[in-house]
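Below: one structure, written as C-alpha cells.
Taken together, the values in this text are just the output of simple stated rules run on the coordinates, not laboratory data. Computed from a prediction, not measured in an experiment: that's the story for all the values here. Positions of Cβ are backbone-derived with ideal geometry, glycine not excepted, and every protein chain shown enters the neighbour counts.
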Amino acid sequence: MAKTTVLRDLLTGPSLARIIGAHSPLSARLGAEAQFDAVWASGLEISAVAGVPDANILSMSQVLQSAADIAAAVPVPVLADCDSGFGNVNNVVDMVQRYERAGIAGVCIEDKQFPKLNSFVSGNHDLTPVHDFVTKIIAATQTREDPDFVVVARIEALIAGAGMTEALRRAEAYAAAGADALLIHSKKSGPDEVYEFRKLFDGPIPLIVVPTTYNTVTTKDLQTAGFGAVIYANHALRGAIEAMQQVLAQIHQDGTTQYVESRIAPLKQVFDLQRVDAMLENQTRYEKLAEASLAQLEVSGRPQVTA
Ligand code: SPV
Ligand code: MG
C-alpha cells in the first residue's frame, strides 16, 4: 500500500516517532488507526502468534511473509524486525533485497549470534564480533536500491551484560559503517541506562528505544531526552491475549455467549477492519463497467453476449 510518510523522515524529524508492534495486517491497521506513526513487524509477536519461541524458529521466508502482509495493509511505513539477519552477511544481502521488494520501509538487525534468543528470555545472548556486524551493516546499506530504505543497527551489549563501554564502542562502529539509526536495547526496570547511553553517544544518527521493562517512561520524557523513536513492541499482542483469555473463560463458565457481547468487537467492526465495504463497492463498479462494455457491443451491431 502507498505510504503517507517516509520512515527515514520520521526517524530524523524533530519529534519522537511512535512505532507500534504488530503481528498481522489487522493488528497493524489497529495501530495505524490509533495514530501511531509507523509499525514494527515484531519478531516476538510474529513468533508468538505462530505458537513458537522468538528464537529464529521461524524461517526468514515466514517472517518476511508476515511483514509483507502487514506492509500491504497499512498506509504507514513498516520497520521489520530482522533479528540478527538470518545468518551471515550473505543472508543479509538476500534479506535486504527481499524486504525492499516487499514494500517494507526498513530493516532492523541486531548484533547477536544466529540463532538469536529474545532479549528477555534468559539464556545465550552472545554478541556477534564487531567486525562481522559492521560487515552486515555495510552489506545492507550497499544492497538497498532506494536510498530511503532504512537500516537500523540494534545494540544488544546491555542485554548481554557486556556493559556501557562496549555498547558505546559498538555504537560508534555501527554509525561509522553507515547505519541510519541505532536501537539501544535495555532490560532494566528504569530508563537510567538508556538515558546514560543517550548522553554519552554523540553520533549524528537517531536513537531508538524499546521501553518494555522501563514502562513508566513517557513519550514526552523520551522526546526531552533526545531519542528519535520509541517502539511499543508487544503491547497489542499482550492486550489481545488477556482479552481472549477473559472472554473464553467467561463463555466456558456461562455456557452462553450473551454475557460477553458487550466486551467483544461487533461483527461490523471486524468487517470494517477487513475493508468489506471497499470490496463490495469494487464488485458493483466492475459489474457496471462490464455491463457498459457489453452494451457497447450491442450498439455497434455486434452479436450480444447473453451469458
Ligand atoms: C521484538 O518485538 O521482537 C523485539 C523487541 O525484538 S524485544 O522483544 O524487546 O526483543
Ligand atoms: Mg525481535
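Points worth noting:
- Spin-label model distance (nm) - Glu166 vs Asn215, 7 Å beyond Cα toward Cβ: 2.8 nm
- Short-range pairs are left out: with C-alpha atoms under 8 Å and at least six residues apart, the relative contact order of the chain is 17 percent.
- Alpha-carbon centroid distance for the pair segment 170-205 / segment 80-154, whole angstrom: 17 Å
- Dimensions of segment 163-307 based on its C-alpha atoms, expressed as ranges along the principal axes with the largest first, amount to 82, 54, 23 Å.
- In the chain, the longest principal axis of the Cα atoms and the axis of helix 130-143 are about 30 degrees apart.
- q = 0.11 Å⁻¹, the chain: log10 I(q)/I(0) [Debye, one scatterer per Cα]: -0.70
- Rounded to 10°, Cα long-axis angle of helix 235-254 versus longest principal axis of the chain: 60 degrees
- Order by protection proxy (mean Cβ within 10 Å, highest first), peptides 6-15, 257-266: 6-15, 257-266
- Segment 1-105 - Rg over Rh from alpha carbon coordinates, Kirkwood radius: 0.96
- Degrees separating the helix 276-299 axis from the principal Cα axis of the chain, which is the longest one: 40 degrees
- Net charge dipole, segment 221-294: roughly 80 debye, given to the nearest 20, about the Cα centre with Cβ charges of +1 for Lys and Arg and -1 for Asp and Glu.
- A helix-only calculation puts the chain at -14500 deg cm²/dmol for mean residue ellipticity at 222 nm, using -39500 (n - 2.57) for each DSSP H run of at least four residues, averaged over all residues.
- Once C-alpha pairs closer than 8 Å and six or more residues apart are averaged by separation and normalised to the residue number of segment 42-94, the relative contact order reads 33 percent.
- Across segment 161-307, Cα pairs under 8 Å and at least six residues apart give a relative contact order of 14 percent.
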